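Got a structure for you, written out below as structure tokens; questions coming shortly.
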Amino acid sequence: MGGAAGLPLDHMHCISSVTPSRSMPYVAACSPGMTKAGGTFPGGRWLQLSWMLTGGHMQVVSELAGRMPRTAEDLQRLLPGVGRYTAGAIASISFGQATGVVDGNVIRVLCRLRCIGADTSSLAVIDCLWDMANTLVDRSRPGDFNQALMELGATVCTPKSPLCRECPVKEHCHAWRRVEKELASASQKLFGKTTLVPDVEDCGPGGCPLCLPAAEPWDSSLGVTNFPRKAAKKQPRVEWTATCVLERRGRLGAPEYLIVQRPSSGLLAGLWEFPSLPLAPGLQEEQQKEVLADHLRAWTRQPVQTQRLCFIGEVVHIFSHIHQTYVVYSLCLDGDVALDAASSSSRWVTEEEFRASAVSTAMKKVLKARETQRGAQSGRAKGSKRKRESKLGAAGSTPTGMQLSLRAFLRAQPPP
Ligand code: SF4
């Protein structure tokens with residue numbers, strides 16, 4: 001069998017010889033407490049909830065004329081925020097497409113079944129796992145099969161204490177087989193027999209991209225939990241992004257904000273945000289304002305003066321792999337700004353609409369920074385108004401601060 005990445009899969013990792021419905025027990029039938037798709041499986045409810053929260057149902061209604069894509073490929077291609085796992089789960093559970101799913105539980109089960117000890121975030125391993133999931137999935141009941149495989153990982157093949165003796169697929173599990181061989185070897189030694197059990201589970205020298213790394217070989221004390229191996233934690237990369245809270249006065253005087261939609265793939269795919277752009281490292285404030293003003297012109301279709309951009313502060317947001325710093329500016333527009341009517345990727349929203357939109361947590365933090373700035377500004381404005389009033393008041397006040405009557409005030413005026 002060749003892996004999805006074109007890798008030759010040796011006997012240990014190969015799964016093509018296993019025909020799900022014959023050689024491999026149907027996991028759903030063996031897992032106690034399992035329910036069918038559409039029943040009470042919690043994953044189904046989670047999918048439904050996440051679907052509603054991400055606004056995917058609105059996308060189907062507004063842009064796909066109410067027609068829900070029915071295959072994993074179309075779901076991923078047409079709906080923002082729907083990745084490979086969600087697409088596979090919806091297509092198999094809701095529409096019966098024979099396509100696999102790979103989540104954390106499935107990764108663990110498959111890695112143990114086929115002794116995959118390489119970094120599970122590597123492309124070679126990811127492609128191999130998807131290849132296996134697509135090969136194994138039961139053609140007649142793909143939704144049940146996928147849910148059963150996930151449930152097996154969640155309830156039996158758990159991260160720290162797998163219940164191998166009760167596992168319905170232990171006869172097919174290479175990791176368990178290896179543990180049994182070690183136990184047999186140990187008991188032979190105990191009775192004075194010295195026959196060595198050959199270690200047939202290693203692919204041998206040659207740098208197999210799926211085996212345990214040579215630097216971290218099999219550890220007998222870990223048993224089946226040798227698989228999967230955690231990838232060495234990478235340092236998150238550092239990124240800077242300039243973002244602008246662009247405001248206009250709404251119909252009732254309340255502020256309205258311009259939000260724009262991110263591309264349909266990549267980080268935060270399809271979500272809405274304040275106009276933003278990545279910053280090259282080391283830019284000074286004036287340079288940041290220039291690139292940001294250029295970027296804003298594309299949305300407002302009118303020149304933006306850099307001196308009107310007001311620096312708010314920096315907002316830090318940590319993604320799993322990115323340490324992101326948003327350098328936040330604000331800009332209040334005097335007049336109205338007509339957006340490109342042909343484009344559906346920008347819109348003005350009230351604060352309430354902003355909070356109801358599919359925006360990231362980072363953007364909510366940015367809006368909060370703007371509101372804090374507004375509060376500070378209005379506090380300063382009130383303070384200076386009070387000062388002005390107290391200066392004015394001083395002319396018409398007694399030394400004790402008491403207000404004079406109008407007659408006394410006029411009398412008190414010095415002659416011109
Ligand atoms: Fe997981 Fe053990 Fe079952 Fe193998 S035998 S799949 S390691 S629970």
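The values are calculated or read from the model by the stated rules, or taken from the named source; none is laboratory data. None of these values were measured; they are calculated from a predicted model. Note that we place each Cβ from the backbone using ideal geometry, even for glycine, and neighbour counts take in every protein chain shown. The area values use the complete protein model at the heavy-atom level, side chains included, leaving out ligands, DNA and RNA. Shrake-Rupley method; radii C 1.70, N 1.55, O 1.52, S 1.80 Å.
Of the numbered conditions (1) open to solvent by 30 Å² or more (accessible area, probe 1.4 Å); (2) of a type in the set (A, V, I, L, M, F, W, C); (3) farther than 30 Å from Phe95 by Cβ, Leu123 fails exactly one; give the number of that condition.
Here Leu123 clears every test but (3).
On to the next question. Looking at Val327, Val316, which is the one that is surrounded by 14 or more Cβ atoms within 10 Å (Cβ to Cβ) and aliphatic (A, V, I, L, M)?
Details: Val316 fails: surrounded by 14 or more Cβ atoms within 10 Å (Cβ to Cβ).
Selected residue: Val327, the only one of Val327, Val316 that is surrounded by 14 or more Cβ atoms within 10 Å (Cβ to Cβ) and aliphatic (A, V, I, L, M).
Using beta carbons and a limit of 7 Å, which pairs, at least six apart or on different chains, have the first residue in the stretch 244-259 and in a loop (DSSP other than H, G, I, E, B) and of a type outside the set (A, V, I, L, M) and the second one at pLDDT 90 or above and open to solvent by less than 30 Å² (accessible area, probe 1.4 Å)?
Gly250/Glu256
What number goes with the only condition from (1) closer than 15 Å to Arg108 by Cα; (2) at pLDDT 95 or above; (3) open to solvent by 50 Å² or more (accessible area, probe 1.4 Å) that Ala148 does not pass?
(3)
Using beta carbons and a limit of 7 Å, which pairs, at least six apart or on different chains, have the first residue in the stretch 158-180 and part of a helix (DSSP H, G or I) and the second one near the ligand (Cβ under 8 Å from one of its atoms) and open to solvent by 30 Å² or more (accessible area, probe 1.4 Å)?
If the second residue must be near the ligand (Cβ under 8 Å from one of its atoms) and open to solvent by 30 Å² or more (accessible area, probe 1.4 Å), the pairs left are Cys164/Lys170; Trp176/Lys170.
Out of the residues in the stretch 257-267 that are of a type in the set (A, V, I, L, M) and at pLDDT 90 or above, state the one that is farthest from Phe319 (Cα to Cα).
My answer is Leu258.
Among the residues of the stretch 113-130, is there at least one that is outside any helix (DSSP H, G or I), away from the ligand (no atom under 16 Å from the Cβ) and at pLDDT 95 or above? Show your work before the answer.
Going through the stretch 113-130, the residues outside any helix (DSSP H, G or I) turn out to be 114-122.
Subset that is away from the ligand (no atom under 16 Å from the Cβ): 118-119, 121-122.
Subsequent filtering for residues that are at pLDDT 95 or above retains none.
No - not one qualifying residue is present in the stretch 113-130.
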